[in-house]
Amino acid sequence: MDNACSFSASCDAFLSRFLDCTVRRASYICELRDNLASLKSELRNLIQARDDVIVKINLAERRLMKRTNQVQGWLQKLHLKLQVWEKGCTKSFKMWPRTSKTERRDFGDNVAERIPEDPVDRLPIEPTVIGQENIFDQVWGCLREEHEVGIIGLYGTGGVGKTTLLTQINNKFCDVLPHDFDVVIWTVVSKELELEKIQEDIGKRIGLCDEQWKKKTLRQKAQDISSILSHKKFVLLLDDIWNHVDLKEVGVPNPGPNTTSKIIFTTRLEAVCGQMHAHKRFREECLGHDEAWKLFQNNLHGVVLDSNPDILQLAKEVAEECGGLPLVIKTIARAMACTTTFEDWDYTIQILKRPPSEYAGTDSFPDMNGVYYRLKFSYDRLHGEKFISCFKYCCLFSEDCLISKRDLIDCWIGEGYLDEFEGRVVINQGYSIINTLVRACLLEENGNGYVKMHDVIRDMALWIARKVEKENGNFLVCASFGLTKAVKARKWEGVRRMSLMDNKIKNLPEAPQCSPLITLFLNGNWIRKIPHDFF
């Protein structure tokens, strides 16, 4: 009896499980169409979500960001699951409720992150630098070994090679890895001090310079910069300082003695070294006779010296007349690079030996008078008014400004400087002129389709326009002067070319008398409206 009861209970349990399974399978078969529709809908939603994430990733990667590891892992996992579902939908039904919830993720806009900056960016520089080995070793020693030195000043006359030295120091950090510093920051200060520009350069290197950050006040930016740099070992390289820079106002912690961070700056004025409280200062001297001659030869074609045995001695005299200034040496050597006659070299010596007293020079730096006079030799050797006009046009741009080659050519076309008319031919003519000016050392290549004008060359170009060729009345350049108001209307009279670019001007004078005006640069200002009767 007991065995019969036990057998009956077992059969009941088996039958119950069998019926449950059969009912579920029957329900599954009956609802197959609804389940399939639901699966397709879920699959469609998931694919759309994936596509939305990919669009966000592509937009972020165009801004030089990279997808997060979490997003990348999700995409890979989803790709594998989609392959499984595509091979056999019916086999996937049991796992679908679980996996569909797992795979559906809302990342919002957090699909990518900013790529970590390299500790230092390599800067373009001449392949061979002559005569700076000793001072470079001294400055590098201060950086690496003299912990009591926090601020270093490099000073010397314009064109002596201060920027080249600072660039070598920057690039040395690229070659010495690992080094002791978290980040190396480069910024150009220039005559017209703009603290916002310095902050922007620093912000880019420490991951702050997004659109939201740019809208902050000077004080807020300084607080952000300070909070980050206070916890980093940094090197700040400030090129071309003309006056005291308030580091606290910028947000840079002041590296006193026994601090790990360093600041190095270049200036023409030794007094600025005192104003910046430099713990150590180095004067960059002009090149000696042998170094000057070596640099001159490096920028002169060997065939020139080989063409006539008498030219060798004349070339040495020309190099001597350059005064040991690297910028002058390179400029004049390149100007003479195709000169192979004794008479031309002899004439060059006579020109360079003339006293420059007939020229007015500059009020602030009368010692630069001779430098400009020597550099003008290269300008005088430009062939034709076309090259001269194109060169002088470049000084309308802000000091240390990177100038797009194509934009410059378009401006020259608008001015009527180029005499070719067909599209590609006239563009190529523009590039040819740029290359000629670069070879003459009157412009500098800056990579990626840009050129710049050395600040001494720019000063020389303005000196020529205002003092030598007496164009002061029709050539007005106030670029990057920090102006909040446009120059007064009476100063517009008789002006042919004017540059007010890169200021903070909001309004223009009503109807200035400027009928001769041909060129006007207003870009980089805060102007919202130009009066109807302005032109």
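Every number here is computed from the coordinates shown, using simple stated rules; none is lab data. For clarity, every value in this text was computed on a predicted model and none was experimentally measured. Because the Cβ atoms are built from the backbone with ideal geometry, glycine has one as well, and the counts that use them run over all protein chains shown.
Of note:
- Between residue 242 and residue 532, residue separation times 0.36 nm minus the direct Cα-Cα distance comes to 100.5 nm.
- Alpha-carbon centroid distance for the pair segment 424-493 / segment 497-527, whole angstrom: 16
- At R0 = 30 Å, FRET efficiency that the Cβ-Cβ distance of residue 44 and residue 212 yields, to 0.05: 0.25
- Label-point gap, in nm, between residue 84 and residue 66 - each point 7 angstrom along Cα→Cβ: 2.9
- What the Cβ-Cβ distance of residue 426 and residue 254 gives, at R0 = 45 Å and to the nearest 0.05, is a FRET efficiency of 0.25.
- Here residue 40 is the anchor, and the lysines within straight C-alpha reach of less than 28 Å, apart from those fewer than 8 places off in the same chain, are 56, 77, 81, 87, 91, 94, 101.
- Net lengthening on full extension, residue 351/residue 233 (0.36 nm per residue, minus Cα-Cα): 37.3 nm
- Cα centroid separation, segment 376-393 to segment 113-174 (Å): 33
- The GluC sites (Glu not before Pro) of segment 447-535 that DSSP puts in a loop, and whose beta carbon has at most 15 other beta carbons within 10 Å, are 469, 493, 510.
- Summarising the label geometry, the points placed 7 Å from Cα in the beta-carbon direction at residue 191 and residue 294 lie 3.5 nm from one another.
- 12 Å beta-carbon shell around residue 512, net charge (K/R +1, D/E -1): 0
- The distance separating the Cα centre of segment 288-323 from that of segment 198-262 comes to 45 Å.
- Amide H partners (placed H, <5 Å) of residue 520, local residues excluded: 498
- Applying both filters, DSSP loop and at most 10 other Cβ atoms within 10 Å, to the GluC sites (Glu not before Pro) of segment 123-196 gives 145.
- Relative contact order (%) - segment 133-283, alpha-carbon pairs under 8 angstrom, separation at least six: 40
- Computed FRET value (nearest 0.05) for residue 226 with residue 407, which takes r as the C-beta separation and R₀ as 35 Å: 0.45
- Whether segment 471-535 is rounded, prolate or oblate, judged on the alpha carbon gyration tensor where a/c under 1.5 counts as rounded: oblate
- Entries in 392/467; 197/467; 294/330; 316/353 that, when Cα-Cα distance is taken, lie over 21 Å: 197/467
- Modelled this way, with points 7 Å down the Cα-to-C-beta line, the labels at residue 343 and residue 133 are 4.3 nm from one another.
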